[in-house]
Each structure stands twice: as structure tokens, then as C-alpha cells.
Amino acid sequence: MLRVGALVQLSSDILKETLARPTVFKDESPLSLEYIPSRLPHREEQMRFLSQLFRFSLESPFSISQRVQITGDVGTGKTILTQRFGTDLVRAAKSRRINLHYVHVNCREAKGSLFMIIKRVLTHFEPEFPKRGFAPEELLHTLMDVLDDKNIHLILALDELEHLIRIEGATPLYNLTRIQEERIGKPIRLSLICILREPEYLQKLDKSTIDTLQRNIVKLDKYNSRQLIDILKDRVNLAFKENTVADDALQLVADIGGQSGDARYSIELLWRAGKYADAESAKRVNADHVRKAAGSVYPMLRGEYIAALSPHEKYMLLALARVLEETQEAYATIGAVEREYRAVCEEYNDQPRGHTQIWKYTRSLGAIGMIAASKSGEGVRGKTTLLGLQSIPASTMREQLETALTSAKKKRFPRF
Ligand code: ADP
Ligand code: MG
């Protein structure tokens, strides 16, 4: 048996050996999610459009409250485009001595709560902002007072806005878009950039709020593999040593990434391929490393896809995964999935939704490519809809969803 001391010795030897090995990377940080690249290939047009929309903030600040909506699938650059734009605009304002601030808040991280969102904004201006003692309705006015005191125009980017609408409905956005109008005669302090995947979410809002948000829409399309190559080349130059990524390997990353059009997945694939190359002490990343990397990450299963689903979409998906795992078939009938869905709802103490709603979930899951739906042909009596999973093992899908649902449940019912 190995003693603990021997184990420590063993792991430190492995570590030493690993560190002594050559690596294809020179700096991995440009491949991380936090990295903000200096240029965004294939988003120049959208950047120009945003600049047009916000030129007032440099030319006649405090005159307009601008509202912009940015939509697009996962990995199409919604977050990075907005952050890059916000950072550049603030810099331009500074050089003109204009008090313009840009604050980016992720609504999912703020638990879909306007209260938490505004608190985060306030701590941007006053890091010591008291944590307690403010009612939610008051807080928005407190923010406006702070902006008045400091004479600031704030561009507030609300990322993953779906989470705010899902948790708190239409009221927060209504309040945010109306707060300016209540302040007749005062300088304009607040502009909004709303970032969301599915513009349909906005249908839950009242008509006039929708109207103010529908005026300026930036729609980001999925990247094709040619576009991904340009994005990836920049990262290769920053993150890898010279000549350590073979051309055909890069092409393969872009081709695989092009299937989902997701730049984030492509960058992750590139990084993983580099890791596989390092593990083999290879001098260059080749196509085989990319294939191995592609086998180890299912694009649909990365956290943010699942996190973005509503609880009932998760239940439906879990039900489908369980049925498929059980039957070992490629497809399940919608009836079988619906029965399992009811069981899942019971398991998670939730009220099952009706048939029409279940249809809607099926359609929305199909639209984002999580499931494949088709009509049954011969062999199944009558016509029914068959549901399947897109190239993801049912057991892996089930595990991921169970983990996601269990941790969500724990959060909802904290134990003391
Ligand atoms: P979204 O918010 O739409 O899901 P992100 O903005 O997070 O997508 O982009 C995903 C990843 O791809 C990030 O690492 C981002 O830096 C990168 N990325 C997206 N579009 C571009 C682009 N045009 N140029 C460079 N990097 C990009
Ligand atoms: Mg994003």
C-alpha cells in the first residue's frame, strides 16, 4: 500500500515532470472566457451600428435615453460585442471629458432580480454601498440620485435578460424604461442595452415597453467556418507558440465549430486540442488532437445551454433522456415522454404543465437544437411525433440535467 507521504512524493514528481515537458502554448489566457479581444472580426458592421446609435452620448450627452436590443444564439458574440463597444465608448468619452459610464450586469448571475442588478450597479459607483435598508422600489430612485449627484450618463447592459423576465416578469423593464419619463425636465441619465438569446421572451412585456425596445435591434447570426477561422487565427497568434497549430487542424476546428456557429465552443475546442497535443508531447496541434477534443466536449452540454432553459424545459429534456436511456432507441414517442415528464415534475415537487404547453417546450427545445423531432412513419400506429437527442448520449444528458436540477433545488430551499 502507498503511504500518504509516498503519494505526495508521487504527485509532486508528476507535476515536476509535467512542467518540464514542452508545451504548444505561450499564454493560455487569450483562450479564456474573460478575455476581451482588441478586435472582433465579422462584427464590424454591428459595431458601426452601435456607434451610430450612441454617437449622441459624445455629441450631445444627456439628451437621449437610448434603448438597444442585441439578440443571437449562444457564442455569436453578444456579450463580447457589447463589452468591447462599452469599453471603447467610455474611453472616447473620457478623452472628451464626458462623464459616461458603462456597466455590464449578467441577469443570471444576479439571480434574475432587479434589486440585485441595481445593487451591482450602485457598487460600481460606490463600492461601500450599504447592503441593507433599501426597498426594491427605492433602489432605482437611489440610482438616479447617484447619477444626478455625479452628473453621469449610464449605459446599462443587461446580459442574459431572459432570467430577469422569467423571474420577475415585465415590471422591472417597465420601470427601467419609464424612470426617465417620470423625470421631466431633468437630464437624461440612463440608456439600456438588452442582451438576450430569444427575442420572443420580450413578448411577455407590455406593448409600449416592447415598442421602446424594438426600435433598435442588433441581430447576430451564427458564424460560418470561414468567419470562425478569422476569429481563431487571432487567438492562435496570441495563445500558441509559433507554428504549433497545423493549418488543417485549425480548419477542422472551424469546420466543427461552424456546425453550431458558436465561437465560444470553437475557442474551447482549440484550447482542448492544444491540451491533447501537450499530453502527447507533440510539437504541433494536428487534426487528430482536434478530433479527440471534439469527442470530449458536447457543445450542447456546456453549462450555459442548460442554465438558460426554464425548469419545465429541463424536466422535458430529462424525461426524454430517461426514456431513451431505458429503451435504447433513437427516438421516443411524445406520449411516452409526456408520461415520464409528469413523473419528473413530481420528483422535483413541481406542477406539471398542460399538453399545449408541453408542445411549446418541444418546439423551443427543437428550435435551439437540443432535440430532434420528427413524425413517425411506419411501425408506430397512427401518426405521432417522435423525439430524439441530437448526437448526445442519453445518459450524459440525464446526468447533466439531474445535476443542474438538484443544485437549483438546493438554492431554492436553502438548508440551515
Ligand atoms: P454570446 O454572449 O453570444 O454567447 P460571447 O460574446 O460570449 O457570445 O462570445 C463567445 C466567445 O467567442 C468569447 O470568448 C468571445 O470572446 C468570442 N468571440 C465571439 N465573437 C467574436 C469575434 N467576432 N471576434 C473575436 N472573438 C469573438
Ligand atoms: Mg453571453
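The values are calculated or read from the model by the stated rules, or taken from the named source; none is laboratory data. As the structure is a computational prediction, the values presented were derived from the model and not from experiment. Quick reminder, even Gly has a Cβ in these numbers, built from the backbone with ideal geometry, and neighbours come from all protein chains shown. Heavy atoms of the whole protein, side chains included, go into the accessibility calculation; ligands, DNA and RNA do not. Shrake-Rupley method; radii C 1.70, N 1.55, O 1.52, S 1.80 Å.
If R0 is 30 Å, what FRET efficiency do you get for TRP359 and PHE49 from their C-beta distance, rounded to 0.05? Efficiency, rounded to the nearest 0.05: 0.25.
Each other residue within a Cβ distance under 13 Å of LYS283 adds +1 if Lys or Arg and -1 if Asp or Glu, for a net charge of 0. Taking all protein chains together and rolling a 1.4 Å probe, PHE129 ends up with roughly 10 Å² accessible. Among the listed pairs LYS111/LYS222; LYS204/LYS314; LYS241/LYS275; LYS222/LYS375; LYS119/LYS150; LYS219/LYS275, those whose Cα-Cα separation exceeds 22 Å are LYS111/LYS222; LYS222/LYS375; LYS219/LYS275. Of the three principal axes defined by the Cα atoms of segment 303-410, the extents in descending order read 44, 28, 25 Å.
Computed FRET efficiency, Cβ-Cβ of GLU346 and GLU138, R0 56 Å: what is it to the nearest 0.05? Efficiency, from the Cβ-Cβ distance: 0.85.
Each peptide in 155-162, 39-46 receives the mean, over its residues, of other Cβ atoms within 10 Å, and ordering these scores from highest gives 155-162, 39-46.
Look at the dipole of the chain built from charges on Cβ: of SER38, LEU389, MET316, the Cα furthest out on the positive end belongs to SER38. Highest mobility in the GNM of the chain, judged by mean-square fluctuation with C-alpha springs under 10 Å and restricted to THR333, THR403, THR362, is found for THR403.
Within segment 199-258, the percentage of alpha carbon pairs spaced more than 18 angstrom apart rounds to 54%.
Using only the C-alpha atoms, the convex hull of the chain corresponds to 219 Å³ per residue.
For n ≥ 4 DSSP H runs only, could you compute -39500 (n - 2.57) per run for the chain, divide by its residues and tell me the 222 nm figure to the nearest 500? All intermediate terms of the calculation are to be shown ahead of the outcome.
Values: 18 runs with 228 residues, N = 416.
Only helices count here, giving -17500 deg cm²/dmol.
The stretch between LYS26 and GLN214, if pulled fully straight at 0.36 nm per residue, gains 63.2 nm over its current Cα-Cα span. May I ask for the net charge around ASP230, where only other residues with Cβ less than 13 Å from the Cβ of ASP230 are counted and Lys, Arg are +1 while Asp, Glu are -1? Charge balance in the 13 Å sphere: +3. Take LYS204: with every protein chain present and a 1.4 Å probe, its accessible area is about 130 Å². All other residues whose Cβ lies under 11 angstrom from that of HIS101 are scored, Lys and Arg at +1 and Asp and Glu at -1, for a net of +3. Modelled spin labels at LYS150 and LEU15, positioned 7 Å past Cα toward Cβ, are 4.1 nm from each other. Taking the Cα centre of the chain as reference, the dipole from Cβ charges on Lys and Arg (+1) and Asp and Glu (-1) amounts to some 440 debye.
Here's the picture: charge each Lys and Arg Cβ at +1 and each Asp and Glu Cβ at -1 in segment 44-220, and of TYR102, GLN214, VAL68 the one pushed furthest to the positive end of that dipole is TYR102. Per residue, the chain exposes 52 Å² of solvent-accessible protein surface, assessed with a 1.4 angstrom probe and all protein chains in place. Accessible area of LEU19 (1.4 Å probe, protein heavy atoms only, ligands and nucleic acids ignored): about 140 Å².
Across segment 30-162, Cα-Cα distances exceeding 22 Å account for 42% of all pairs.
Using DSSP to define loop residues, name the GluC sites (Glu not before Pro) in segment 245-330 whose beta-carbon has at most 14 other beta-carbon atoms within 10 Å. Filter output for segment 245-330: GLU280, GLU329. With all protein chains in place and a 1.4 Å probe, the accessible surface of the chain carries 52 percent carbon and sulfur.
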